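Since the structure comes first, as structure tokens, the remarks are kept for the end.
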Amino acid sequence: MNNSERPIGIFDSGLGGLTVFKELRALLPGEDLIYFGDTARVPYGTKSPEAVRSFSKEIASFLLKKKIKLLIVACNTASSLALDEIRKLSDVPVQGVIQPGAEAALKAAPPGGRVLVIGTSATVNSRAYSRALAASGAGVKVTEKACPLFVPLVEEGWCSKPAALMAAREYLSGFRGKADVLILGCTHYPLLKRIIARVMGPRSRIVDSARAAARSAKAALEARGLLNRARFGSSAFLVSDAPERFSALALKLLKIKTGKVAVKRF
Ligand code: DGL
């Protein structure tokens with residue numbers, strides 16, 4: 001098999017990375033994609049950095065054995081805590097979601113503008129976005145806010161229920177009109193985008209780290225001459241638990257037809 005024909009591996013703690021998968025599928029129709037959701041251990045955002053690193057390395061090693069050409073860490077929590085360690089064990093490029101998300105926010109923000117990052121507690125505590133944004137030297141003012149109830153709401157399929165709006169109000173109404181750009185710093189959050197936009201109001205531009213990551217993955221493959229020019233790529237889904245539930249929610253929330261979802265337990 002020539003290198004460009006090898007699949008792309010993608011993983012997240014659960015369903016959230018499917019927002020990256022969906023963008024990738026649209027941008028790169030010829031690629032074979034293998035998605036892994038760690039449904040037995042979701043959420044990552046409330047776990048310790050050590051646990052997130054250990055889970056992420058296990059999954060990365062598993063996907064690397066499938067002879068992938070690119071590994072996408074479609075989880076902000078794992079990207080903020082484990083990217084360097086995953087890169088050490090990988091012989092193929094590893095792409096996270098933080099850097100592309102930060103770059104997209106800088107394009108959308110006015111000079112010296114106010115950027116609000118929302119993410120899991122682990123992502124916010126890691127300050128990974130603050131560091132990435134500061135490293136650009138653009139002088140934006142960054143605030144980070146953890147929204148820990150958002151992931152369980154999405155994993156429950158409650159993206160447009162009143163409970164989701166209540167949680168969004170609780171976390172974000174104090175920021176209404178006070179952020180030029182809001183980064184959805186968790187790949188589950190694009191599924192709550194409508195509710196988040198409603199609470200933030202029309203003055204805040206919303207940047208989706210999932211979309212930014214998919215674009216950056218395409219650019220990385222192009223730069224290395226690794227794009228698969230086939231007409232239709234395959235999609236394979238694996239989870240660490242409850243495959244039927246994953247499949248039903250993928251269809252309900254993202255209109256993704258997974259077919260049979262395989263189980264890999266660690
Ligand atoms: N979707 C993930 C993220 O981007 C993880 C959420 C979680 O498992 O807590 O951070």
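The values are calculated or read from the model by the stated rules, or taken from the named source; none is laboratory data. Because the structure is a prediction, the values reported are computed rather than measured. Note that each Cβ is placed from the backbone with ideal geometry, even for glycine, and that neighbours are counted across all protein chains shown.
Structure notes:
- The residue of region 44-59 that is nearest to residue 237 (Cα to Cα), among those that are in contact with a helix residue (DSSP H, G or I) (Cβ under 7 Å, 6 or more places away or on another chain) and crowded, with 24+ Cβ neighbours inside 10 Å, is 56.
- Candidates 72, 68, filtered to the one that is crowded, with 20+ Cβ neighbours inside 10 Å, touching a residue at least 60 places away in the same chain (Cβ under 8 Å), over 27 Å from residue 117 (Cα atoms) and among the β-branched types (Val, Ile, Thr): 68
- Failed condition for residue 163, given (1) outside any helix (DSSP H, G or I); (2) over 20 Å from residue 104 (Cβ atoms): (1)
- In a residue-by-residue description of region 228-237, the property of being among the aliphatic types (A, V, I, L, M) and in contact with a Lys or Arg (Cβ under 8 Å, 6 or more places away or on another chain) applies to no position.
- Residues within region 20-55 that are touching a Phe, Trp or Tyr at 6+ places or on another chain (Cβ under 8 Å) and hydroxyl-bearing (Ser, Thr, Tyr), tallied: 3
- Residue 40 being out of contact with any Lys or Arg (no Cβ under 6 Å at 6 or more places or on another chain), more than 15 Å from residue 70 (Cα to Cα) and free of Cβ contacts under 8 Å to residues at least 12 places away in the same chain: no
- Residue 82 vs. criteria farther than 25 Å from residue 4 by Cβ, away from the ligand (no atom under 11 Å from the Cβ) and in a helix (DSSP H, G or I): yes
- First in region 166-186 and touching a residue at least 12 places away in the same chain (Cβ under 8 Å) and of a type in the set (Lys, Arg), second anywhere and more than 16 Å from the ligand (Cβ to nearest atom) and outside any helix (DSSP H, G or I), Cβ under 7 Å, 6 or more apart: 176/201; 178/114
- Residues of region 100-121 classified as buried (at least 24 other Cβ atoms within 10 Å of the Cβ) and in contact with a Pro (Cβ under 7 Å, 6 or more places away or on another chain), total: 1
- Looking across region 129-143 at every residue that is modelled with pLDDT of 95 or more and touching a Leu at 6+ places or on another chain (Cβ under 8 Å), the one that is nearest to residue 192 (Cα to Cα) is identified as 143.
- The listed residues are 100, 148, and the only one of them that is of a type outside the set (Val, Ile, Thr), assigned to a loop (DSSP other than H, G, I, E, B) and on the phi < 0 side of the Ramachandran plot turns out to be 148.
- Across region 35-79, the number of residues qualifying as of a type in the set (Ser, Thr, Tyr), assigned to a helix (DSSP H, G or I) and under 16 Å from the mean Cα position of the chain (by Cα) comes to 3.
- Scanning region 1-32 for residues that are outside any loop (DSSP other than H, G, I, E, B), surrounded by 20 or more Cβ atoms within 10 Å (Cβ to Cβ) and hydrophobic (A, V, I, L, M, F, W, C) yields 8, 10, 11, 18, 20, 21, 24.
- Pairs, first closer than 19 Å to residue 251 by Cβ in region 137-161, second away from the ligand (no atom under 15 Å from the Cβ), C-beta under 6 Å, six or more apart: 153/164; 157/252; 158/164
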